[in-house]
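Q: Could you have a look at this structure, given as structure tokens, before my questions?
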Amino acid sequence: MVIAAASLALLAGGALGASLLRRSWQRRDRSAIGLIAGGWGVLAGLALASAVLIGPVKGLALALALQGIGALVVVWSSRVRRKAARLREGEVAPEPLEEPGRFWRGVLRALLAGPLGMTAAMGIAFCITVYLPGDPRTRIVLGGMMMPVLWGLAMTWTLADRRLLRATAVLAGTSIVGFGLAALGGAA
């Protein structure tokens, strides 16, 4: 019974925190600082209260999951309303890339997102494997599990970024720094 009541409170708290943060994003002035502090305060306070009342592991896991679901409800409901309001007014949001596509840009994006994104993700995963404390087998498994996640993040960012030179510089720099730091840590 306690967990059911806590679950409802965490769902409502996640929705409340997300709505406060959403209002702060809409204002974008100095008065938004109070909304930001209030939103994060609600989320952190409920997570801490859940960890104390239910237990540190189970309570925190329950808080993170249910507050995330509550926040997703706020995001989903506001998106539906905004889209319906735009359709009523006859305005439709512009597409992200309305300019005509060029074949060479598509090929370059694929090369950046694929091989170069993979090397950047590998560099970061190697750093995680080298510098993370603990048993070497655990570090290798964690680095291997982080590799596809990091690669997916690199691909998403590369494909969403309109500036190809910036994406190239960031991915190449991340690859060089990641492998360099991993080599330095392995040599020590």
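Q: Quick check on packing: order 102-108, 19-25, 53-59 by the mean number of other C-beta atoms within 10 Å, highest mean leading.
A: Order by mean packing, descending: 19-25, 53-59, 102-108.
Q: With the contact rule set at Cα under 8 Å and sequence spacing of 6 or more, what percent relative contact order holds for the chain?
A: Values: 181 pairs, mean separation 36.0, N = 188.
Reported relative contact order: 19 percent.
Q: Can you check what the net charge comes to around A110, using other residues whose Cβ is under 15 Å from the Cβ of A110 (Lys, Arg +1; Asp, Glu -1)?
A: Value of the local net charge: +2.
Q: Using r as the Cβ-Cβ distance of L153 and A5, and R0 as 45 Å, what FRET efficiency do you calculate, to the nearest 0.05?
A: Efficiency, from the Cβ-Cβ distance: 0.75.
Q: Distance in nm between label sites at L132 and A65, each 7 Å beyond Cα in the beta-carbon direction?
A: Here the modelled spin labels are 2.2 nm apart.
Q: Which FRET efficiency, nearest 0.05, do Q26 and A49 yield, Cβ-Cβ r, R0 45 Å?
A: Numbers: r = 28 Å, r/R0 = 0.62.
With a Förster radius of 45 Å, E is 0.95.
No value in this document is a laboratory result; all are computed from the given coordinates. All values reported here derive from a predicted model rather than from experimental measurement. No Cβ is skipped: glycine too gets one built from the backbone with ideal geometry, and neighbour counts run over all protein chains shown.
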